[in-house]
Structures are given as C-alpha cells and as structure tokens.
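For reference, the structure is listed below as structure tokens.
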Amino acid sequence: MADSPTMTYGGYLRLDRLLSCQEPETDAHDELLFVIIHQVYELWFKQILHESALLQRRLEAGGSAGALHTARRIAKILKTVVGQLDVLETMTPRQFAAFRHALGTSSGFQSDQFREIEAVLGRRGFPASVLRGDERLRDAVSRPSMFDSLLRYLAVQGHPVPREALERDPSLPWEPDEAVQRVLLAVYADENGPAAEVCEALVDVDEGVQEWRYRHLKMVERTIGAKIGTGGSAGADYLRSTLFAPAFPDLWEVRSQTEQPTAGEEPVHGG
C-alpha cells in the first residue's frame, strides 16, 4: 500500500472495527475482561500460525539464523499468552458465575486456531467431526509438522537423518525414533553449533505450549473447580489429560541420554 498523507493511527489499525467487536451478553462487569482476554488470545494464535509458517520455510531451507530468530519470537509470544492468565485470574469464581450462563455451548476447546497450532506442532488424530468442518485443519494435518521441518533442516546441515524419517507420511502421528535420537545426540554434542541452538529454540516453543496448558488448567480449577466445562467439555479433567505430552518427544528424550563430557571437553551449560 502506498504511503498516504491522510492515514491515521486509528485508520491503519482499523480501530473502529476492532473496538466494536466486544459485545458482552450480560451487564456483569467482568464479562468485558473475559471477552477481551479471549479475543487477544485469538490474535496471538493468528500471529503464532503466521510465524510458524515462516519458521518451517526457514528450517526447510537450512537457514539457521532466521529459524532461530523466528522460533525465539514464537516462544516470547507464548510467554505473553501465559502472562495474560495473570489478568484473567483477578476474576473470582463468583464474578465468572455472574455471566457464565451467557456462554451457552461456547468453549475454549472450540478454538479453530489453537487446534491448527496443535496440528502444526504435530498433533494428529483429531475427531472426524472436527476435521469435516475445518478445511484449514485438514490441510494442516496433511502437511509436514514443525518437527518434520526440523529433520529436513538437520539433513540440509549435513546430519545423517534417516531417509525413512524424511520421507514418512506427514499425516501420521510422529513416533519417537531411536535413530533420529542418535542424530540429535550428535547435534547436541556441538552445543555451541547453530543446529543445537535451533533445537533448543524448538524446545522453548514446546515448553511454552506446555506451560500454557498447565496455567490454563490451574485457572480453570480456581474458577470452576471440578465442574463440567462450558459447552459440555470435560473442563479441568480434559486439560489435565493434555499435560506432559510434548510436541517434540525426541528432543526431550535425548536429555536422559546425554553423557558427561570427557576430560578436555568444555562442560555443557543449560540454555
């Protein structure tokens, strides 16, 4: 778009449209906070998907610096998303109960964008009923995941990634692979190399998603306890079932296989 001498701050950001999107269903004071927090979540999810697409392109092109920069940005965004829960937790259970009935069948588990993020990170096996109604999600589960892109990056960098891993069907869930883990161990042996830094940046992304799941769980527990979630979801029980399920299990597994440096080698420092 060409420079416009008449462009204003509000016009550029479409603030008239943006600020008209908050329409609470009740007169409860705290409902506006609930609406804004969740709308901002969706904006950040949109940005995470935008950055993830760039990250995968940079990984598959073998670009270490660009991939590292983008992965770190995604991790920072996830920290911001988690931080928003501090604001939401200023709302007491009684304050939430004052408007909870107005949510009807809506639930955070219906977030199309978060499901797409999960697919980009490697989740497969979504219910057929969900896939039928979401073309973007169907596309996402058929494309290589972020870990698939990491393996291609490592291959471009000259690491002996097994051909079976590089040519696998990306629509199938990834299963931890000992041969891939041996490659990752070799990558981490040169901890100051760019490939090790990129792997650690993806661990940061994975940890950021897990941290968000945990904080989301605790927020739900302190707000509605053990009640059924809105929309009939399992509430806290569902969130608890998703904990400790990393997106990139091989990157976590190699930590238990890492050996102490031999004499003369520099010690490994945590990131």
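Quick one: in region 175-197, of everything that is among the charged types (D, E, K, R) and within 22 Å of ARG124 (Cβ to Cβ), which residue is surrounded by the most Cβ atoms within 10 Å (Cβ to Cβ)? Applying the filter and picking the extreme gives ASP177. Summed over region 16-38, the residues that are open to solvent by 60 Å² or more (accessible area, probe 1.4 Å) and without any contact (Cβ under 8 Å) to a residue 40 or more places away in the chain give a count of 10.
To keep it simple, each residue is scored yes or no on (1) loosely packed, with under 14 Cβ neighbours inside 10 Å; (2) among the charged types (D, E, K, R).
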{"residue": "PHE147", "(1), (2)": "no, no"}
{"residue": "LEU154", "(1), (2)": "no, no"}
{"residue": "HIS159", "(1), (2)": "no, no"}
{"residue": "LEU172", "(1), (2)": "yes, no"}
{"residue": "GLU211", "(1), (2)": "no, yes"}
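The set of residues in region 162-198 being modelled with pLDDT of 95 or more, charged (D, E, K, R), in contact with a helix residue (DSSP H, G or I) (Cβ under 8 Å, 6 or more places away or on another chain) and in a loop (DSSP other than H, G, I, E, B) consists of ARG168, ASP177. A count restricted to region 140-161 and to residues that are basic (Lys, Arg) and either in contact with a helix residue (DSSP H, G or I) (Cβ under 7 Å, 6 or more places away or on another chain) or without any contact (Cβ under 8 Å) to a residue 12 or more places away in the chain (or both) stands at 1. No other residue among LEU166, LEU137 is open to solvent by less than 30 Å² (accessible area, probe 1.4 Å), aliphatic (A, V, I, L, M) and either closer than 25 Å to PRO249 by Cα or in contact (Cβ under 8 Å) with a residue 40 or more places away in the chain (or both) apart from LEU137.
Of all the listed residues (ALA53, ALA61, ALA65), the sole one being open to solvent by 30 Å² or more (accessible area, probe 1.4 Å), of a type in the set (A, V, I, L, M, F, W, C) and more than 20 Å from GLY193 (Cα to Cα) is ALA53.
When residues in region 69-100 are screened for being open to solvent by 20 Å² or more (accessible area, probe 1.4 Å) and part of a helix (DSSP H, G or I), 15 of them pass.
Tallying residues that are within 18 Å of GLN257 (Cβ to Cβ) and either assigned to a loop (DSSP other than H, G, I, E, B) or at pLDDT below 95 (or both) within region 150-161 yields 3.
The values are calculated or read from the model by the stated rules, or taken from the named source; none is laboratory data. For clarity, every value in this text was computed on a predicted model and none was experimentally measured. Positions of Cβ are backbone-derived with ideal geometry, glycine not excepted, and every protein chain shown enters the neighbour counts. Side chains are part of the model used for accessible areas, which takes the heavy atoms of the whole protein and leaves out ligands, DNA and RNA. Shrake-Rupley method; radii C 1.70, N 1.55, O 1.52, S 1.80 Å.
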